[in-house]
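For reference, the structure is listed below as structure tokens.
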């Protein structure tokens, strides 16, 4: 999980499943819990960039109802670190 968290700035914010998580510990817990709970696997479909904003469409599969689904991951990147991630 440390490699995932290393991509985020110290004060990064993640919005996922109606929750807002801020900072390294919260993001690390979110990533670990989500991957373990749903046994997630990812398949990149598309990626679009506009300055510091990146939108990535990913097919997500795992142990959840309706699997697989396509989700959009909206990233804002500043100084080569993710400062914001919203999943919808």
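The values are calculated or read from the model by the stated rules, or taken from the named source; none is laboratory data. Treat the numbers as computed from the prediction; the structure is a model and nothing was measured. So basically every Cβ, Gly included, is an ideal-geometry build from the backbone, and we count neighbours across all protein chains shown.
Here are the numbers for the structure shown:
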quantity	calculated
Matching residues, the range 2-20, being surrounded by 13 or more Cβ atoms within 10 Å (Cβ to Cβ) and either closer than 25 Å to residue 68 by Cα or without any contact (Cβ under 8 Å) to a residue 40 or more places away in the chain (or both)	4, 5, 14, 15, 16
Top-ranked residue in the range 21-41 [being closer than 14 Å to residue 85 by Cβ and within 12 Å of the chain's Cα centre (by Cα); ranked as surrounded by the most Cβ atoms within 10 Å (Cβ to Cβ)]	27
So residue 75, is it part of a loop (DSSP other than H, G, I, E, B) and either modelled with pLDDT of 95 or more or in contact with a helix residue (DSSP H, G or I) (Cβ under 9 Å, 6 or more places away or on another chain) (or both)	no
In the range 6-27, the residues that are in contact with a strand residue (DSSP E or B) (Cβ under 9 Å, 6 or more places away or on another chain) and on the phi > 0 side of the Ramachandran plot	17, 23
Residues of the range 47-63 classified as exposed (fewer than 14 other Cβ atoms within 10 Å of the Cβ) and either part of a strand (DSSP E or B) or in contact (Cβ under 8 Å) with a residue 12 or more places away in the chain (or both), total	7
